[in-house]
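The values are calculated or read from the model by the stated rules, or taken from the named source; none is laboratory data. What you see is a predicted model, and the numbers here were worked out from it, not measured in a lab. Neighbour counts are summed over all protein chains in view; Cβ atoms, including those assigned to glycine, are modelled from backbone coordinates with ideal geometry. Surface areas here come from the heavy atoms of the whole protein model, side chains and all, with no ligands, DNA or RNA. Shrake-Rupley method; radii C 1.70, N 1.55, O 1.52, S 1.80 Å.
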Amino acid sequence: AAALAAYMVYRSTSDTQEDVLLKLPANPQSLADFEYQIDPNGVLRHSTTGEKFKFIDQPHYVALGEQLQKDLVQMMVSDYKLKLMHLPIGAKSDEPRIPIYHTENLATSNKILVIVQSCGGRRPETVGLWSRSLCIQVDIKTGTIFSYLKEAEQRGYAVIVLNPNANSVKVNGTDVPVPENDTPTNHLLYVWDNILSKAKASHIFFMAHSLGGPVVVELLKQRADALDRISRCAFASSVHTISPEDKQNVKFLNFIQRRTRNWVKSLNDIDEYVNDQYTESTGCPCVSSGQMKQDLVPPTIMASAFNFFEDPKPYDEQQQQHQ
């Protein structure tokens, strides 16, 4: 709400244009129905004036944001060639199910990148977005995973994009839980048990943002084979904590300490090690993201995350180089 209040109220240059903007489309099919488009630089602009988005009211903002989410999902399919998969596997179209997306080489690539977004929303269309507000206010390069998809393709990774927010579907106005995917943690466990654990890839990497971090940590605690199969986990401002009981699991603790890294909110130089009471509670090495805004951490650290994935040295050797 505070962020929205910072927007300037839209001031139209003509009554006709204002009327068009204020009238919500009854059945929008694209951003064009809202008189908006994404320019070549990925910035959302009014299709008539060329101006960037300006807040009118909450219903307009919500409706436009939901349509933008749908359009961006379509871009993942059309521009980045991601394939749609419904979960649970085999669920029929009239049964509760949710979409996830993956590259065509998921079954054949030797490297898989698993993207787990923050679990703050409840709409399936948030899949593939770090932040809807960033897509609206800044650009889609900053607010989506698209840069990660491009970088992963160039480096030969397969990618699977999870959907931890979509745990239920509407049936006659009632939320119906999706079987075996009714919570963010159960969603990831299902994907692990049915897809990732059966993959041929020798190297599986995770990128988990904010509240997606605790979901990945639960996977590491609940599936012993994940500790053997996963090569590295990059946490982007993860909010997970490690309990004293967790520390009794030597294999888990060794994994957290040596094969994960958390880029935390900090204005220190990016990748500079950060040690304080909070970072100690995460159990994993923490470094600066060079950024204080939670949703900007993933796009800011992308190059560092991929370098971390491909650095063959364990954490303790890497840390010695920085001391």
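Would you list, by chain and number, the lysines whose Cα falls below 17 Å from the Cα of K200, excluding same-chain residues fewer than 8 positions away? Within the straight-line limit of under 17 Å, K200 reaches these lysines: K111. The apolar share of the surface of segment 190-284, taken as the fraction of accessible area on carbon and sulfur atoms (1.4 Å probe, ligands and nucleic acids excluded), comes to 46 percent. Note on K265: aspartates and glutamates with a C-alpha under 13 Å away, same-chain residues under 8 apart excluded, are D276, D295.
Give, rounded to the nearest 20 debye, the magnitude of the charge dipole that the chain has about its Cα centre when Lys and Arg contribute +1 at Cβ and Asp and Glu contribute -1 at Cβ.
Working: 32 positive and 37 negative charges, 122 e Å.
Around 580 debye, computed over the chain.
Among 25-35, 190-200, sorting by the average number of other beta carbon atoms lying within 10 angstrom of each residue, highest first, gives 190-200, 25-35.
Size descriptors for segment 167-323: radius of gyration and Dmax over Cα atoms are 16.5, 60 Å.
Computing the accessible area with a 1.4 Å probe over protein heavy atoms, can you report the carbon and sulfur percentage for segment 26-117?
48
Excluding same-chain neighbours fewer than eight residues apart, the aspartates and glutamates reachable from K54 by a Cα-Cα span under 18 Å are D15, E18, D19, D33, E35, D39, E66, D139.
Computed over protein heavy atoms with a 1.4 Å probe, the accessible surface of segment 200-254 works out to 40 Å² per residue. Using a simple spin-label model with pseudo-atoms 7 Å out from Cα toward Cβ, M292 and Q154 lie 3.1 nm apart.
Mean residue ellipticity, 222 nm, helices only, the chain: the sum of -39500 (n - 2.57) across DSSP H runs of n ≥ 4, divided by residue count and rounded to 500, is -10000 deg cm²/dmol.
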